[in-house]
Structure formats: C-alpha cells, structure tokens
Amino acid sequence: MIQYILNNKLKLIAIHILIGYLGTFPLFPKIYGLVCLIIPLIVIFSSNNRNEEAFLFASYMAGGEIFLRMIKGLFLYETGKYGVMLFLVLGIFLGPFKQRFSVHYLFYILLLLLGIVFTQVPEGESLRTNIVFNLSGPIVLGVCALYFYYRPISKQQLMDGLFFMLLPLFSMITYMYFRTPDLKEILFGGAALAETSGGFGPNQVATAVGLGILIIAIFLLLKEKLTGYIYLDSFFLIYFIYRGLLTFSRGGLFTAAIALILFAFFFILYKKMSVQVVFKYALILGFFLVAIWVYTSNITGGMLDNRFTGKNAAGIQKKDITTGRIDILAYQFINFFENPLGIGVGNGKYERMKSHERLTAASHNEVGRLVEEHGLIGFILLLLLLIVPLINFFKANNFQKAFIIAFYIMWFLTINHSAMRVALPGFIYALSLIRITDIENDLIDDK
C-alpha cells in the first residue's frame, strides 16, 4: 500500500484534491476522520513498522490535523494529537530499530506534568480541559522527540514523510477554495480573515499553508518528483502562496519564508553552486513572487499591502503590529519574575483576567507560556528544547544542516505566534533531531 502511494504521487494528490471538495458535504468528514485513524493502525501493526510506516502516518496526521478540525472530522477535538502520539508509540515498540531514548525528553515530559500541581481554575471552568488545552501540544513534542531522537532516517524516507505531510494540505487548500465566498463580496481590512481561511482560524491555517509552501519548495530545490511535472509542481507552489496571502495572516508565511531561505542557504553550500546560478534562480523566484503579490494585492484592493506593513484599513500605521502579542508576552514575564515557581498550567489567562490590563486572550506564545506557568522549570525546559537540536545541527554536514535548521526555525517561529495548539510544531521540532543517511557526503558521527 505504502509503495503504491509513493509510486503514484500525482494520483494521490488528485484524490486528496477530491477529498477537499467532499469535505464540504455533511457526512464525509467523520468517515474520513475514522479512516485517518483506522488505516494507519492496521498498516503499522501488520508491517511492524519495518519501513517507518509510523513516521509516514504520523506525518500525515500532523499535516492534516488542521484540515480535520476545519471540516469537523474529529470526534474529539484533540484526536489529531492523540493520533500522532499513538502511531509513534506503536512504532517504537513494534519497530525493528532499537530506540535510543533520550533522558532529556523523558525528564521534559515529567517536568511538564509538575505544573499541574499549581493549576487552579475559576468556578465553572473545566480543570481537565484547561490542562489538556495547554499541555497536549508540548507533550506531543516530547513523544515525537523520543521517537526521532538521533534516529537514522534515509533521505528518501524523509522525502516520503514530507510527501505524506503534504497530501492533506492539498485537501485543505481545495476546501478553502470551495468555502471562500466571491472575493468581491469580502471586505478586506487590516486583520486576518476567516472567510478566506475556510471558516477556520487564519493563524493556524496560514501555518499549515506555510508548511505546504516549504515542502513543495524543498521538492523543487532537490529536483525530487512530486507530481512528475515541474510546471505542475511550480503551479502548486504559486497557488499555495496565493492562498496563504489571502488569509491575511502573516506569521505562517513569514515563518515558511525564513525557514526556506535558511534551507536554501545550506543546500547551496552543499551543492557548491556558483554565484551566477544562484543569482539566476533568485531572479526567477523574485519575478514570480512580485507577480503573485501584485495580483493578490489588486484583488484585495491594496489591503494586502496594508496588512503586511502593519497598517489598518485606512492606511494608518498601527502602534502594535503584533495584535497584542507583545503586551501578553511582557505580562507573562512579569508573572514569571513575581512567581519564579510558576503559576500553574493554564492559569495565565485567568491571571490576566484578574488584572486591569484587559489581556484576557490565551497566549499565542509558547515561550512566554512555559516560563509564566512553569516558572524556573519552564525556563530549563525551554533551554533544553533550544540546545539539543543545535548539537545535532553542528555535528551535521551541509545537506543535513539544511533540513535540521529549516525544521528548527519552523518550530521556533511557529510557537512564537501560534503556540502549540496543534501537533504540527512539536512534530516538526522532533524532525530536527533525526540523522539523515544515504547522502553523498560523510554522515554524522554516531557518538
């Protein structure tokens, strides 16, 4: 089954475009959600994870979780996270590879749970929901890290995993197309738009679209076959960028752009490309980016320019282009200094409600949430998360560095604007811990 999918990429992309259309109908989403859980379990059990099936299906679920939430295909809201963890845990115990467990990440998970001790919620609020909402994402990261820590993954297996991650993003893009009203009827302004994001949160949708842009661009740079036709691959890349711009959510696109620039930098070093070749490709890319921007800006009546330059609908520069995120982050660090042991999991929102700062929103910044709610332990956990992938990075050759830094930056920037509401950031982080094999240059020294 897996090999059939990998040998028929274009056919599978077409099927997932159809899935995106079917997602607009009432009954299909729940059926699709069940299939996304049942088939992976059957394949992982039957194959004993001999060919990294757990990695492939966890990639699919991580890439598809936002789409499944959009179409209400999940019976439980956190099913996507549970699915990713379940597939990888099964892969650890069933697979032939003798997992090299990291003590770092075992302690990371245990120390995260300590924050529950200080958790107190107002009357009428659910303690369980509060804990799950805030801890499920970080725990997914811990489980994924246990699976991928220094795990040898061949270049081909990695590209296959990225392809599996991309498939449900084709469905999501298609669903967004059918759920978006006539663009002439949309009132574009200075804020992110649910109308152009499939009726879902633009921040998370733009993050997923940004991931799609990064993956397609990586396939093009490596000259790997996606559809089998370079012009069709390029069209998909252009369309993903266009749909990402239409969400008016900046974080996901900026994150993808920075991750892609760093990937390209180390890949160019690895391939030892000449300045002339790099300049030629940069010129072609720049032309298409400007063309996409001008086209999209015209459709939105110039509001795209205002949005990405931090202006409101009237063209006046906003005082805070982060839409309140900086104020929340500052308040979180104040809480950290006043409560060095932490205020408890999920208590940040309620502490802000008690204050006179009118900052009642849940944190979009996982860094701030960690130090505020977990105190010094959270600060130590943050250092651990930042340092371990860098050790892997400095041991790598330039080809490996290209992937490691792209995954690492994608994770770090995402958790700073979108926290860890979904499994995707934690899963992407864990990919920065792998050891990519089967490439021309010397492999990482396995010590």
Filter result for the condition that a residue is touching a helix residue (DSSP H, G or I) at 6+ places or on another chain (Cβ under 8 Å), in contact (Cβ under 8 Å) with a residue 40 or more places away in the chain, part of a loop (DSSP other than H, G, I, E, B) and farther than 24 Å from SER432 by Cβ, over PHE45, PHE75: PHE75
Looking at the range 153-170 only, could you name the residues that are over 17 Å from VAL84 (Cα atoms) and either assigned to a helix (DSSP H, G or I) or not β-branched (Val, Ile, Thr) (or both)? SER154, LYS155, GLN156, GLN157, MET159, PHE170
Residue count, the range 19-42, condition part of a helix (DSSP H, G or I) and surrounded by fewer than 13 Cβ atoms within 10 Å (Cβ to Cβ), comes to 4
Hey, does the range 261-284 have a residue that's within 28 Å of LEU431 (Cα to Cα), of a type in the set (D, E, K, R) and either touching a residue at least 24 places away in the same chain (Cβ under 8 Å) or in contact with a Cys (Cβ under 7 Å, 6 or more places away or on another chain) (or both)? no
With the checklist (1) surrounded by fewer than 22 Cβ atoms within 10 Å (Cβ to Cβ); (2) at pLDDT 95 or above in hand, flag the one item LYS9 doesn't pass. (2)
Run VAL121 past the list (1) touching a Leu at 6+ places or on another chain (Cβ under 9 Å); (2) at pLDDT below 90; (3) in a helix (DSSP H, G or I) and report the number of the one that doesn't hold. (3)
Would it be correct to say that PHE55 is among the hydrophobic types (A, V, I, L, M, F, W, C), assigned to a helix (DSSP H, G or I) and touching a Pro at 6+ places or on another chain (Cβ under 8 Å)? no
Tally of residues being assigned to a helix (DSSP H, G or I), among the aliphatic types (A, V, I, L, M) and more than 22 Å from the chain's Cα centre (by Cα) across the range 171-189: 1
Given the conditions (1) closer than 24 Å to THR300 by Cβ; (2) over 19 Å from the mean Cα position of the chain (by Cα); (3) at pLDDT 90 or above; (4) crowded, with 18+ Cβ neighbours inside 10 Å, and given that LEU226 satisfies all but one, which numbered condition is not satisfied? (1)
Log entry, pairs with first residue in the range 16-37 being closer than 24 Å to TYR82 by Cβ, second being assigned to a helix (DSSP H, G or I) and among the β-branched types (Val, Ile, Thr), beta carbons closer than 7 Å, six or more apart or on different chains, reads GLY20/ILE173; GLY20/THR174; TYR32/ILE19
ALA192 passes all but one of (1) surrounded by fewer than 19 Cβ atoms within 10 Å (Cβ to Cβ); (2) among the aliphatic types (A, V, I, L, M); (3) not in a helix (DSSP H, G or I); which number fails? (1)
Which of the residues belonging to the range 162-178 are buried (at least 18 other Cβ atoms within 10 Å of the Cβ) and not hydroxyl-bearing (Ser, Thr, Tyr)? LEU162, PHE163, PHE164, MET165, LEU166, LEU167, PRO168, LEU169, PHE170, MET172, ILE173, MET176
Out of the residues in the range 136-152 meeting the condition of being crowded, with 21+ Cβ neighbours inside 10 Å and hydrophobic (A, V, I, L, M, F, W, C), tell me which one is farthest from LEU370 (Cα to Cα). PHE148
Surrounded by 20 or more Cβ atoms within 10 Å (Cβ to Cβ), modelled with pLDDT under 85, under 26 Å from PHE188 (Cα atoms) and not polar (S, T, N, Q): which single residue out of HIS374, HIS364 fits that description? HIS364
Selection from the range 272-328 of residues that are in a helix (DSSP H, G or I), modelled with pLDDT under 90 and more than 24 Å from ARG243 (Cβ to Cβ): VAL275, GLN276, VAL277, VAL278, PHE279, LYS280, ILE326, ASP327, ILE328
Check on ARG358, within 28 Å of ALA192 (Cα to Cα), assigned to a loop (DSSP other than H, G, I, E, B) and either hydroxyl-bearing (Ser, Thr, Tyr) or modelled with pLDDT of 75 or more (or both): no
The range 237-251 residues that are closer than 12 Å to TYR177 by Cβ, paired with ones that are part of a loop (DSSP other than H, G, I, E, B) (beta carbon under 6 Å, 6 or more apart): LEU246/THR196
Take the residues of the range 229-238 that are farther than 12 Å from LEU166 by Cβ and either in contact with a Ser or Thr (Cβ under 8 Å, 6 or more places away or on another chain) or not hydroxyl-bearing (Ser, Thr, Tyr) (or both): which is surrounded by the most Cβ atoms within 10 Å (Cβ to Cβ)? ILE238
Considering (1) modelled with pLDDT of 90 or more; (2) farther than 22 Å from MET410 by Cα; (3) surrounded by fewer than 21 Cβ atoms within 10 Å (Cβ to Cβ), say which one MET159 fails and leave the rest. (2)
Taking the options GLY212, GLY161, GLY115, name whichever one is more than 22 Å from GLU53 (Cα to Cα) and touching a residue at least 40 places away in the same chain (Cβ under 8 Å). GLY115
Restricting the range 409-423 to residues that are crowded, with 24+ Cβ neighbours inside 10 Å, touching a residue at least 24 places away in the same chain (Cβ under 8 Å) and in a helix (DSSP H, G or I), the one farthest from the chain's Cα centre (by Cα) turns out to be ILE415
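The values are calculated or read from the model by the stated rules, or taken from the named source; none is laboratory data. These numbers were taken from a predicted model, which means no experiment stands behind them. With ideal geometry, Cβ positions are generated from the backbone for all residues, glycine too; neighbour counts draw on all protein chains shown.
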